[in-house]
Amino acid sequence: MSDSEIPQPDRVEGAPHPRETEQLFGQARAERDFLDAYNYGRLHHGWLLTGPKGLGKATLAWRIARFLLATPEDTGDGLFGAPPPPESLDIAPDHPVARRMAALSEPGLFLLRRAWDDKAKRLKTQLTVDEVRKLKGFFTLSSAEGGRRVVIVDCMDELNVSAANAILKLLEEPPARTTLLMVAHQPSRLLPTIRSRCRELRLAPLSPEDMKSALDQAGAQVGPQDAQALAALSAGSVGAAMRLLNHDGLRLYADLVALLDTLPRLDRPRAIALGESTAGKANEPRLDLTLTLMDIALGRLARAGVTGQPPMPEAAPGEAAMLARLSPDAARGRAWAQVAQQAGDRARHARAVNVDPAALVLDLILQLHKVS
């Protein structure tokens, strides 16, 4: 398999790679926090870019890396003094650094991510210490070039124990003029000693407007109503929204809402058909998405009861009326929350022991039928 055919672990199916993404939507605060640190001379050597998957953490890492490597280090000793501080992370696409980074040929940048396993013919499941050790050669070669050096780690959640310890040592004794940009979806699971040696940039969920702009940029043309539904179901994550689009998630959620709307008189033929649509190895992505959307629907049912009003905007036609009917008060909301936890436990156990997907989905729906 050629290098161009090897899948990239840090790319969402159907979307441009983060290094190819021109604009970052909805994260102006995180960008401003970094720029303030840079402009006031507080550039930390280790940055954790945190938040749920798909908010743009990797895109921000590439934007920061381009900015650092393309922005001259001014000493203020020139004839006319120091230039004004930069107000944006934007770097022109035709800048030499931007072109080299797009081609993964920038000598001042090292991308640390999961490697391809030639024997197994698939990506490794963890980011191993062997990959981290390659940084030694990078620092040796790049030291002769001078200038800044940037390391992007995408992502920290995939480090095995040895690799995490190697990153910790790097943070404890950082090479000169080096910035580490580390993507972390669940920073609470990282070593406390790693977190304590980094500054955090936390990214926020995208609004429906920013979601539409981000999806348009990724080539997924959606209308305002679908953008609102995607923002609701994806919790503001562009990556999750792209996965919903790739597997017809909006229609699947609408089918699930219509099925729940038949409770307490469950439409069994429809329930059986939903379960059978997840059967077989080819339908594993649909099974995963079905279980995810069932969990989302239960969460929205619980929230409707506890707060006294359905979550808005609607993520499917008739959803608000269904939520209000099945979860009219706080007691029902708490009951649905308990069902959500039990259903999640049952699903994880069933997946671990390879229960038939159709039987699993039908069993979960029947559990909802009992509660309704």
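The values are calculated or read from the model by the stated rules, or taken from the named source; none is laboratory data. Every value quoted in this text rests on a predicted model; they were computed, and no experiment measured them. Note: areas computed on protein heavy atoms with side chains; ligands, DNA, RNA excluded. Shrake-Rupley method; radii C 1.70, N 1.55, O 1.52, S 1.80 Å.
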Taking alpha-carbon centroids only, segment 214-268 lies from segment 7-62 a number of Å equal to 25
Lys pairs under 18 Å by Cα in the chain, provided they are eight or more residues apart or on distinct chains:
5
Whole-angstrom gap from segment 328-372 to segment 145-190, using each part's C-alpha centre:
39
Hz values of 3J(HN,Hα) by residue in segment 231-242 - Karplus curve (6.51, -1.76, 1.60), Gly and Pro given as x:
4, 5, 6, 9, 6, x, 9, 5, x, 5, 5, 5
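State the percentage of accessible surface on segment 238-322 attributable to carbon and sulfur atoms; use a 1.4 Å probe and exclude ligands, DNA and RNA. Spell out each step's value before the answer.
Values: 2140 of 3950 Å².
C and S atoms contribute 54 percent here.
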Against the empirical 2.2 N^0.38 Å scaling, what ratio does the C-alpha Rg of the chain come to?
1.13
Taking every alpha carbon pair in segment 291-346, what does the distance histogram look like in 5 angstrom bins from 0, in percent?
4, 25, 32, 24, 13, 3
Here P(r) for segment 63-195, Cα-Cα distances in 10 Å bins, as whole percents, is 11, 36, 33, 16, 4, 1
Amide H neighbours of residue 49 under 5 Å, at least 5 residues apart or on other chains, H built in the peptide plane: list them.
182, 183, 184, 201
Under the rule of at least 5 residues apart or a separate chain, name every residue whose amide H is placed under 5 Å from the amide H of residue 237.
206
Karplus couplings for segment 104-111 from phi (6.51 cos²θ - 1.76 cosθ + 1.60, θ = phi - 60°), rounded to Hz, Gly and Pro as x?
6, 10, 6, x, x, 10, 10, 9
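Keeping every protein chain present and rolling a 1.4 Å probe, give me the accessible area per residue for the chain in Å². Don't jump to the answer; show the numbers that get you there.
Values: 19040 Å² over 372 residues.
That works out to 51 Å² per residue.
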Under Karplus coefficients 6.51, -1.76 and 1.60, residue-wise ³J(HN,Hα) of segment 171-185 in Hz, glycine/proline x:
6, 6, 10, x, x, 4, 6, 10, 10, 9, 10, 10, 7, 9, 7
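Would you mind calculating the relative contact order of the chain from Cα pairs under 8 angstrom and at least 6 residues apart, reporting the percent as a whole number?
Values: 529 pairs, mean separation 64.5, N = 372.
About 17 percent, as a whole number.
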Amide H contacts under 5 Å for residue 115, placed H, 5+ residues apart
124, 128
